[in-house]
Every structure is written in structure tokens, then in C-alpha cells.
1. So what is the calculated 222 nm ellipticity per residue for the chain, using -39500 (n - 2.57) for each DSSP H run with n of 4 or more, over all residues, to the nearest 500 deg cm²/dmol?
2. Give the residue from H420, G291, S322 lying farthest towards the positive end of the charge dipole for the chain; charges sit on Cβ (+1 for Lys and Arg, -1 for Asp and Glu) and the dipole is referred to the Cα centre.
3. Between D268 and L129, what is the spin-label point distance in nm, taking each point 7 Å from the Cα along the Cα→C-beta axis?
4. With +1 on the Cβ of every Lys and Arg and -1 on the Cβ of every Asp and Glu, and nothing else charged, how large is the dipole of the chain about its Cα centre, in debye rounded to the nearest 20?
5. Quick one: which residues, 5 or more positions from Y75 or on another chain, have an amide H under 5 Å from its amide H? H modelled 1.01 Å from N in the peptide plane, none for Pro or chain starts.
6. For region 106-114, just list the computed ³J(HN,Hα) in residue order, Karplus coefficients 6.51, -1.76 and 1.60, θ = phi - 60°, integers in Hz, with x standing in for Gly and Pro.
7. Past the 18 angstrom mark, what percentage of all C-alpha to C-alpha distances in region 141-294 do you count?
8. With springs connecting C-alpha atoms under 10 Å apart, model the chain as a Gaussian network and identify which of G191, G103, G203 has the largest mean-square fluctuation.
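Throughout, read-outs are computed from the coordinates displayed, never taken from laboratory work. From a predicted model like this one, the values you see are computed outputs, not experimental measurements. Please note: Cβ atoms are built from the backbone with ideal geometry, for glycine as well, and neighbour counts cover all protein chains shown.
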Amino acid sequence: MAVARAARERDLVYPEERLPWPQTILMGFQHVMAMFGGTVLVPIILGFNPNTVIFFGGIGTLIFIAVTNRRIPSYLGSSFTFIGSVLAIQGGSTGHHDLAFGGIVIAGAIYFLVGVVVHIAGINFIRFLMPPVVTGTVVTVIGLALSGAAWANYKTEMITATVTVLAAAIASVYLRGFPRMLPVLIGVVVGYLVAGADQIAGGGCAAATAGCHINTAGISSASWLGAPTFTFPSFSTRSFSLFWFIPIVLVAENTGHVLAISGIMKRDLSGMLGRTFMGDGLATMVSGIFGGTGETTYAENIGVMGVTRVFSIWLFVVAAISAILLGFIPKFGALVLSIPVSVLGGIELYLFGLIAVIGGKIWVDARVDFSRRANLAVVAIPLILAAGNADLKIGDFEINNIGLGALSAIILWQILRPGHIADGGDMGRNIFEPEAVVADA
């Protein structure tokens with residue numbers, strides 16, 4: 001009671017504090033709802049088992065809390081950064097899941113090692129290799145490279161897909177409070193209801209081959225209780241060549257998330273970035289070993305913390321345990337897998353576009369000067385490689401358009417940086433500094 005009273009007086013609950021258990025449980029479940037739409041969408045796109053994915057989201061969150069010494073309040077869920085590489089190595093959403101899991105484990109291991117280096121040496125070496133013009137480009141490359149997959153699903157049934165994407169966009173703009181943080185979930189629910197109504201009425205969604213058809217048979221045949229399905233990875237040269245660049249994006253993403261929490265909470269967490277990367281990397285490795293997706297901290301949950309101003313680690317322990325329990329309900333997984341392809345296409349159009357735009361936001365926030373020729377080249381060439389679906393194969397080694405875009409941005413910057421600096425250019429505003437994020441917040 002003393003903690004709750006002190007929290008009310010200062011209008012903020014710190015990570016080491018705990019509200020009364022009834023409030024803690026309810027607010028913890030609220031975080032489950034916030035991450036739900038994004039976390040369950042990724043396994044549907046990739047053909048992974050939703051129960052396994054959400055189970056390891058909970059396990060990964062507990063790992064993250066332990067590695068960060070209970071100081072970073074965050075929930076770990078499915079990362080969209082892995083989608084392009086997983087689809088490439090699988091050849092779509094079916095088959096070769098083991099190779100995808102191997103790539104996820106490799107990316108997690110690289111990310112963990114990056115965290116070790118950052119923990120020892122600090123963040124400056126990352127800024128040297130990947131200033132804002134590079135990190136923004138890599139993020140935008142991912143969004144552009146995924147656009148073809150989004151449109152392929154969207155056009156299977158354009159009415160349902162359009163209703164879905166409009167519902168998500170309208171929710172993100174016009175709703176207020178907590179519902180505004182759930183545009184993906186709202187879009188999926190609205191699209192699902194529209195498809196279901198049409199299917200019941202005997203319209204176009206009634207056909208099993210239609211893009212808006214709901215597979216109700218899978219739901220009815222699934223049991224209520226059952227253990228998550230574990231699948232194990234295989235490794236190949238392609239696993240490395242298609243997944244090596246993913247930690248670049250995760251570094252930028254999670255740095256922004258941690259410093260955003262730091263700004264809202266008015267507590268400097270920049271010294272914890274190394275542990276953050278290690279925790280996320282270890283959680284990703286564990287998830288990949290047993291058949292889950294790559295993990296990342298979720299902006300949706302940071303939004304909830306910004307509204308509630310409650311940062312108690314216990315909320316995320318409750319959220320993690322709730323996710324683990326959901327993993328033991330196969331009927332939940334069957335319901336997720338019944339979401340029509342066109343509904344996925346509508347949400348993908350929205351989300352993948354947002355990924356591309358977030359790259360642009362990094363440039364704007366860092367005040368990247370596009371009157372400088374070096375910045376123009378570092379951005380222009382990778383974007384065309386991504387949009388043009390470029391692909392490089394040398395034996396078993398393959399770099400797809402996302403990897404080529406990321407690699408070209410990093411190499412171009414190192415080639416052009418000396419001339420850029422000699423001409424009086426700078427590297428842009430340092431997005432890895434806490435004060436920059438606080439000012440933006």
C-alpha cells in the first residue's frame with residue numbers, strides 16, 4: 001500500500017516497485033493485449049505455429065528481464081525484421097522451417113555478441129559503423145523489400161483487404177487512449193468479421209479457395225489443452241548469408257525503445273543497452289532453437305507505459321506468464337491460423353509500409369542532410385536494390401535484396417565518409433544519445 005500511495009503522489013511507478021496484486025495482474029494482461037496483434041501476425045505470415053511463438057514470447061520476456069537485471073521494463077514479441085529472410089530461405093510460408101529457425105538462431109547469436117561488445121566498449125563504435133543515414137536506410141530497405149509479399153496477399157480478395165487496412169489506419173488516427181495502441185488487432189478483428197459475415201451469407205468468402213475464406217474446421221477440431229509444438233533448427237551457409245544483417249536493425253530499434261522508456265521514466269538507461277542487446281539476442285536464440293520467431297522489444301508496450309506511467313517489472317512477469325499459458329491452448333492457435341489471407345494482406349500493406357516510413361523518421365529525427373552527395377548515394381543505391389528484388393547467389397551463399405541493401409549502405413558509407421567529412425558534412429544528430437530521444441518524446 002505504501003508503494004501505491006508513493007506512486008500516486010509522484011504519478012509514476014518505477015521498475016523495482018509493485019502495485020497491489022489485483023492491479024498488477026490486470027495491467028499485466030493489458031500488456032498482453034497490446035503486443036497481441038503484432039506477435040501473432042508474424043507466425044501466420046511465416047507459417048510457424050502460433051502457440052509455440054507466443055509461448056516463447058513469454059519465455060523470452062522472462063529471459064530478457066533476468067539478463068537486464070530487472071531494470072528494463074519491456075515485453076519481447078515476434079520481430080517483423082526477420083520476415084523477409086525467413087520467407088526467402090523457406091521459399092514462401094511453407095517448407096524448410098528448420099532452416100529458418102537456424103537463421104534465427106544465428107541472428108540471435110550475432111546480436112548477443114554485439115551486446116557483449118557494447119556492454120564492454122559502449123555504443124560509439126556502432127554509431128561509427130551505422131550512423132542515422134545507414135540505420136534509416138536499412139529499416140526502409142526492409143519495408144520496401146516486403147511490399148511484394150503484402151500485395152500478393154492483398155489482391156486475393158481486395159474488398160476484405162481494403163476494409164482491414166482502413167480499419168487499422170482509422171483506429172490508429174481517430175481512437176484515443178489504450179484502443180489507439182491496438183490498430184493491428186482492431187484491423188484483423190474487423191476484417192475477420194467482414195469475411196465471416198460474407199461467408200455465412202454465402203458470398204465470395206464461402207469458397208475454400210477464396211482469399212477471405214475462414215477455416216472453421218481447424219478451430220472445431222483443435223483441442224482446448226495441449227503442449228506447444230517444438231521444432232528444431234538446421235544450419236546451412238544460406239542461414240548465415242540471409243540473416244547476418246538483422247542485428248543491425250534490432251540495434252537501432254531496441255536502442256530507440258530503451259531510450260524512449262528512459263525519457264518517459266526520467267531515468268537514464270543508456271548504460272543498460274549492452275544488456276538489452278544480450279537479453280534480446282539470448283531470447284531469440286532460445287526461441288529459434290525450439291521453433292519460435294526472432295524476438296524484439298515492442299513499441300506498443302512502451303506506448304502503454306507512456307499512458308499509464310507504470311513501469312513495474314512485475315507487470316511484464318504477469319504478461320510473460322499469461323503468454324506462456326496461452327501457448328498451451330491449441331484452439332487459440334487454430335483461431336489465429338484461420339485468419340483469411342486477404343485480411344493478412346491488408347494488415348501487411350499497413351505494417352510493411354510503416355516499416356519503410358520508420359526508416360524515413362530516423363533520417364528526420366537525426367536531421368540527415370540530403371543536400372550532401374554522400375548521404376544521397378548511401379540511401380539511393382540500397383533502396384533500388386531492395387525495390388528491384390536484387391539477389392546474389394554464389395554456390396550455397398545467398399544474399400537477398402534486404403541483405404544487399406543493408407550491406408551496400410554500410411559499405412557505401414565507409415567508402416564515402418572521408419570525403420563527406422572533408423566537405424564539412426557531419427554524421428547527423430546522434431540518435432544513440434538519451435537527450436535526443438527525450439527531446440523527441
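1. Details: 21 runs with 300 residues, N = 441.
Helix contribution divided over all residues of the chain: -22000 deg cm²/dmol.
2. It is S322, whose Cα lies furthest towards the positive end.
3. 2.5 nm
4. Values: 23 positive and 23 negative charges, 126 e Å.
Value, rounded to 20: 600 debye.
5. For Y75, whose amide H was placed from the backbone, the distant partners under 5 Å are Y298.
6. 4, 4, x, 5, 4, 5, 4, 5, 4
7. On the way: 8902 of 11781 pairs.
In whole percent, the share of Cα-Cα pairs in region 141-294 beyond 18 Å is 76.
8. Result: G203 has the largest fluctuation of those listed.
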